[in-house]
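**Student:** Sharing a structure, written as structure tokens. Questions coming.
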Amino acid sequence: MFGPLNRVINALVQVGGWSLMAAACLVTYDIITRKVFNYSIAGADEISGYVFAVATACAYSYALVTRANIRIDLLYNVLPAPVQRVLDILSMAAMFGFFGVVCYFSYNIVSDAFLYDSRSITPLQTPLVYPQTLWYVGLCFAALTSFLLLITAVFYMLKGKQNQVDQLMGIPSLDEEIATELGEEADKLRSHTNSDVKGD
């Protein structure tokens, strides 16, 4: 179930990352032209704001599936493992509820922008329904991701597959974080080595 989901999430993160890079280049270009040539691109800051909002909404799903969301584990680490798993499930239920509320109010914003043809009060006069719809889709996808994680964790819990619950939504241990970092460094090293070999 999470194979296709992970592929979509990875694609969203890639698009969001490159969009942020493009927005940063646009703002940099605007700053340089304003300083050197006394010329400014209208709406560079506005466009970067839209890109940041949409990319952030798309990144929520990635943070959930990679367990990268920040959690306070001061008491968590000293609790028994069964209690930790129950807390993990409750936290994901709360996350799903949170995204559900956010999506509900976000839908009202998007629908109003569509009904009233709302536009930004800037020189671009951007129809707000377009960036807000992309933002709303990212939030809905985060809600869907949290829901799938929740029901999968409950299924594993009922089946007695405790380790799968930990791997799905438990707080990564120090050993797991070290292994992840070492894995990423190894991948970088292999990539660098392969490029050198091809260059030779």
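Read-outs: derived from the displayed coordinates by stated rules, not from any lab. No experiment lies behind these values; they were computed from the predicted model shown. Heads up, the Cβs are rebuilt from the backbone with ideal geometry, glycines too, and the neighbour counts pull from every protein chain shown.
**Student:** Cα axis of helix 2-36 to longest principal axis of the chain: angle in degrees, 0 to 90, nearest 10?
**Tutor:** Tilt of helix 2-36: around 30 degrees.
**Student:** Taking the chain as the reference, fit the longest principal axis to its C-alpha atoms, fit the long axis of helix 81-115 to the helix C-alpha atoms, and give the angle between the two in degrees, 0 to 90, nearest 10.
**Tutor:** 20 degrees
**Student:** Continuing with this model, one more query. Report the net charge of residues surrounding TRP135, where surrounding means a beta-carbon distance below 15 angstrom and charges are Lys +1, Arg +1, Asp -1, Glu -1.
**Tutor:** -2
**Student:** For segment 10-36 and segment 40-115, what is the separation of their C-alpha centers, rounded to whole Å?
**Tutor:** 23 Å
**Student:** Would you please name the chymotrypsin sites (Phe, Trp or Tyr not before Pro) within segment 25-82 that are DSSP coil residues with at most 11 other C-beta atoms within 10 Å of their C-beta?
**Tutor:** PHE37, TYR39
**Student:** What residues have an amide H closer than 5 Å to that of ARG119, excluding those fewer than 5 places away on the same chain, when H is modeled at 1.01 Å from N in the peptide plane?
**Tutor:** Residues meeting the criterion, in which the H sits 1.01 Å from N, are LEU128.
**Student:** Please give the helix 44-65 orientation as an angle from the longest Cα principal axis of the chain, in degrees from 0 to 90, rounded to the nearest 10.
**Tutor:** 10 degrees
**Student:** Further, regarding this structure: Using the per-residue mean of other Cβ atoms lying within 10 Å as a proxy for protection, in what order, highest first, do the peptides 163-172, 64-73 fall?
**Tutor:** 163-172, 64-73
**Student:** Taking the square root of 5 times each eigenvalue of the Cα gyration tensor, what semi-axes in Å does the equivalent ellipsoid of segment 38-107 have, largest first?
**Tutor:** 37, 15, 9
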